[in-house]
Amino acid sequence: MRLIIFPFLIGACVRGNPQAADPAFTDTGGKIEVPGCGYSVTTREGAEAPKLSSPIGLLGADPTPRLVHLGFIGDPKTSIVAQWRTVDEETAVSRIRFAVGDDLPAEQLTQEADGLDFRYKATGKDIYRQHQAHLCGLTAGATYSYQVGSPGNFSPVYTFHTAPDIVANPDTETVFGVIGDARDGYDIWEQLVGLLRQRSPDLILFTGDAVTIGLVQNEWEEFFGRAEPLLARTPMVFAHGNHEVNAAPYYSQVALPGDQENFGFDYGHVHVTVANDTPADISAIAGAYRTAMIDDFERSRSATWKVLMHHQPIWSSATAHGSSMFLQEHWMPVIDQYAIDLVLAGHDHDFEMSNPLRATAVQATNATGTVYAVVGGAGAELYGIDEDLFHSAYAESTYSASTLRATKNLLELEAFRPDGSSIADTDPDARFTKTK
Amino acid sequence: MIRFVLALWLLGSRVAVADDYQAASKLAGDPATVPAAIVAFEAIGDARPTTRWTDNAWSEAGRLAERIGELERARHAYEQVLALTDDAVLRQRARATLARLGGARWDAVRREHVGWVAESMRGDPRAALTALEKLATEQPDYPDRANLWLAIARGWELDGDGERALELLRAAIAKTTGRDQAQLGFAFARIATRGGELDAATAVLDQLAAAPDADRAAIANLREHVETAARRAWIRRGMWFAVAILGGLAAFVLRRETGSWRTTARRLIRPPSEAVFLIPVAGVMVAVAMTGNPVVARALLLILGAGVIVAWISGALFEAHRVRHGQIGARRASAQAVLVIGAIGSVTYLAIDRDRLLDLVEETVEHGPSAD
């Protein structure tokens, strides 16, 4: 369809004056071991190889850090990755100052470490630079204060905490923020970020489609810029959405475990498996990506709670996309086999909770079935709802953000509308609660 | 012996508390037994000596009390968490919740805030937005006042009254400081940019930039948006001018070729072969487009609609020329084709200069099509 309007558009572009391409920039990606962390950072095609920073590196015209956000590649109990950009794109110094403690003043951040940086392509000829600082060997369940930047140009001091050690502290409770599909609805996104921040989550699970087109850097600026008050304090884990289009700006700006597409991690009593259901090669869904999912499910057999996060809903009542028959065929048998407690998806812009399901049979309780939630209400235009579908326990065409609380006895998902009202107050079926 | 008995008693009481905690958790899982769960958790929290479940029990009691709307009880529970726990995360969460709940004096205001915002999203928003304005004016010290003003402004903008949104935000910015002011100022700049009030957006950004702790990066980003909007506004005006000129030129030439306005009208009523050919093609294309991205479909509808009109007028011009002069020369045909392309190009730009479609098209031209 877009091809039809191409001929009318030549000469109508108003791109402005992008900076000239840097001949020294090579976009073939690369890999570097992160000292002291036991893992590596790999950049993809569209980005250059990452390089370790030096405190005497080049400072650009305005090295003020911006778009600070957290992620992790290693064990969230003992590691964190701070990511940021600077106002200029030239500054090549990436430094983090930190110390154990809550809301410490900058002068008490006595430990320092160098990070790394790399550049990546987005739209046009523009080249952007991403900074990362990796902290490893941290204490589980501890609170740290930190700031990032370069000497003389550090960010405000932010605070984060590592994941709890459930062996030492078995009664621990974790709270995840769960949200997806912000694309092009950044006012709502900002509103929901504020709502999540008020609930002080440990981690944000994002079900994909942060932006309309993953190649457009301006949109990423909006996405991260509006959420900085939350994301500079709380790490975010992404599932790849179809609108991210496997683009270099996506993989460059989000530090994630493994290959950034299919991975798993433990956080408190929950094991979260993340899968990419929109790979560049769609056959991978039934092949390599399914195998990766099975491997992760196998590794997490003993987890108290098992959650799968991906983008396109296996079960949905929305009028736009609806249930994915393809994923029902290839992923649902595996989900049933490993008795996954809860599956989180987005793609359909609404809030939905399924009945407990095993294959296509509705179960009497969620003790024997998996519940599929759709949490795609982070700002993209809302979709309508098909009523009375057998799999649906609750569906509402509304913007929303959810919290997923987990203790060793309880797993509970509750969604909130932008005004702060709980959707479960309308209908208790909208709340997922599972106890052990 | 005494030590052994004491150890046995302690072990027994811990097992009992663990069982109580699990039983309370079960009660919390059922909406009907949430009040009983709160009582059970409070009992565990109150029991002395404290155990490792004490702080968690108060946290659970607070969470459940908030859920059923007993805010004072929730506040008390979270205060107990702060008093008893050394778990930094639990403390942080309790502090955040207490900040969200605010003092008891704001409970009624908060309920009204949430209630009217919910109302503004359901039906006709005007009454709800007016009530919210009244609430914001009467409660200038309300801790969540920035979000209240933002909800009002966004509501009016969505209702098509961007001017009122800007007017209210301007007044709210003048009354606030610090982060609240920045948040409201950024919202003002965004709404003003969307509404074409670019000078107003720039003025507010200048005002925010003068603050010592200004978020320079965010301001620079918003200035870029304003510059892009200004550039596109100029192009848009140029395109409208071109459409007007070409339309006028077509009317003038048609009048000259036909000799009177009456004949011009008659000529235009009869569809030329170009239009007869294009209308079904356009219909099929629009029907197909409707099954895909609605933003692209709307633009295509506009473009093809305008294309049919242009083809109709162009066909009428050719027909009138042929009737009057017997044949159409190559120069005449070429000149008209160029003008038709100009008209279609202008209309196409105007059609895609909305819903961020221009950005989408730019990226598609540069990088190829993406997924829906």
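Quick check, is A:Ala113 of a type in the set (Gly, Ala, Ser), away from every other protein chain (no Cβ under 13 Å), surrounded by fewer than 19 Cβ atoms within 10 Å (Cβ to Cβ) and touching a helix residue (DSSP H, G or I) at 6+ places or on another chain (Cβ under 7 Å)?
When the stated conditions are applied, A:Ala113 does not pass them.
Going by the structure shown, is B:Pro271 outside any helix (DSSP H, G or I) and either surrounded by 15 or more Cβ atoms within 10 Å (Cβ to Cβ) or of a type in the set (Phe, Trp, Tyr) (or both)?
Yes; evaluated as a whole, the condition is true for this residue.
Would you point out which residue out of A:Arg226, A:Arg197, A:Arg233, A:Arg183 is buried (at least 23 other Cβ atoms within 10 Å of the Cβ), within 11 Å of another protein chain (Cβ to nearest Cβ), farther than 30 Å from A:Thr26 by Cα and of a type outside the set (S, T, N, Q)?
A:Arg226
Can you pull out the residues in the stretch A:235-282 that are charged (D, E, K, R), within 19 Å of A:Thr43 (Cα to Cα) and modelled with pLDDT of 95 or more?
A:Asp259, A:Glu261
Limited to the stretch A:199-223, what total is found for residues that are charged (D, E, K, R) and either under 14 Å from the mean Cα position of the chain (by Cα) or part of a loop (DSSP other than H, G, I, E, B) (or both)?
3
Over 30 Å from A:Asp171 (Cβ atoms), aliphatic (A, V, I, L, M) and touching a residue at least 40 places away in the same chain (Cβ under 8 Å) - does that describe any residue in the stretch A:395-402?
yes
Of the conditions (1) over 21 Å from A:Gly346 (Cβ atoms); (2) of a type outside the set (A, V, I, L, M); (3) at the interface with chain B (Cβ under 8 Å from one of its Cβ atoms); (4) in contact (Cβ under 8 Å) with a residue 24 or more places away in the chain, A:Lys436 fails just one. Which one is it?
Unmet for A:Lys436, out of (1) over 21 Å from A:Gly346 (Cβ atoms); (2) of a type outside the set (A, V, I, L, M); (3) at the interface with chain B (Cβ under 8 Å from one of its Cβ atoms); (4) in contact (Cβ under 8 Å) with a residue 24 or more places away in the chain: (3).
Scanning for something farther than 19 Å from A:Ala339 by Cβ and part of a loop (DSSP other than H, G, I, E, B), does the stretch A:286-308 turn up at least one residue?
The answer is yes; a qualifying residue exists.
Considering the stretch B:304-322 alone, what residues qualify as being touching a residue at least 40 places away in the same chain (Cβ under 8 Å) and β-branched (Val, Ile, Thr)?
B:Ile313
For the stretch B:99-128, give me the residue count where each residue is within 13 Å of chain A (Cβ to nearest Cβ), at pLDDT 85 or above and over 23 Å from A:Arg199 (Cβ atoms).
2
State whether one or more residues within the stretch A:399-422 are of a type in the set (A, V, I, L, M) and over 28 Å from B:Asp55 (Cβ atoms).
Scanning the stretch A:399-422, I find no residue that is of a type in the set (A, V, I, L, M) and over 28 Å from B:Asp55 (Cβ atoms), so the answer is no.
Go through (1) surrounded by fewer than 13 Cβ atoms within 10 Å (Cβ to Cβ); (2) within 24 Å of B:Gly345 (Cβ to Cβ); (3) within 14 Å of another protein chain (Cβ to nearest Cβ); (4) in contact with a helix residue (DSSP H, G or I) (Cβ under 9 Å, 6 or more places away or on another chain) and name the single condition B:Arg237 misses.
(4)
Could you check, for the stretch B:149-163, whether at least one of its residues is assigned to a helix (DSSP H, G or I) and surrounded by fewer than 18 Cβ atoms within 10 Å (Cβ to Cβ)?
Scanning the stretch B:149-163, I find at least one residue that is assigned to a helix (DSSP H, G or I) and surrounded by fewer than 18 Cβ atoms within 10 Å (Cβ to Cβ), so the answer is yes.
With at pLDDT 95 or above, β-branched (Val, Ile, Thr) and under 21 Å from the mean Cα position of the chain (by Cα) as the only criterion, which of A:Ile96, A:Ile80 stands out?
Checking each option against the conditions leaves just A:Ile80.
Pick from the stretch A:46-57 the residues that are modelled with pLDDT of 90 or more and surrounded by fewer than 21 Cβ atoms within 10 Å (Cβ to Cβ): which of them is nearest to A:Gln217 (Cα to Cα)?
Among those that are modelled with pLDDT of 90 or more and surrounded by fewer than 21 Cβ atoms within 10 Å (Cβ to Cβ), it is A:Gly46.
Is it true that B:Arg75 is more than 9 Å from chain A (Cβ to nearest Cβ), modelled with pLDDT under 85 and under 25 Å from A:Leu230 (Cα atoms)?
In short, no.
Touching a residue at least 60 places away in the same chain (Cβ under 8 Å) and under 24 Å from B:Val89 (Cα atoms) - does that describe any residue in the stretch A:98-117?
No, the stretch A:98-117 contains no residue that is touching a residue at least 60 places away in the same chain (Cβ under 8 Å) and under 24 Å from B:Val89 (Cα atoms).
The values are calculated or read from the model by the stated rules, or taken from the named source; none is laboratory data. Just so it is clear, the model here is predicted, and its values are computed rather than measured. All Cβ positions, glycine included, derive from the backbone under ideal geometry; neighbour counts span all protein chains shown.
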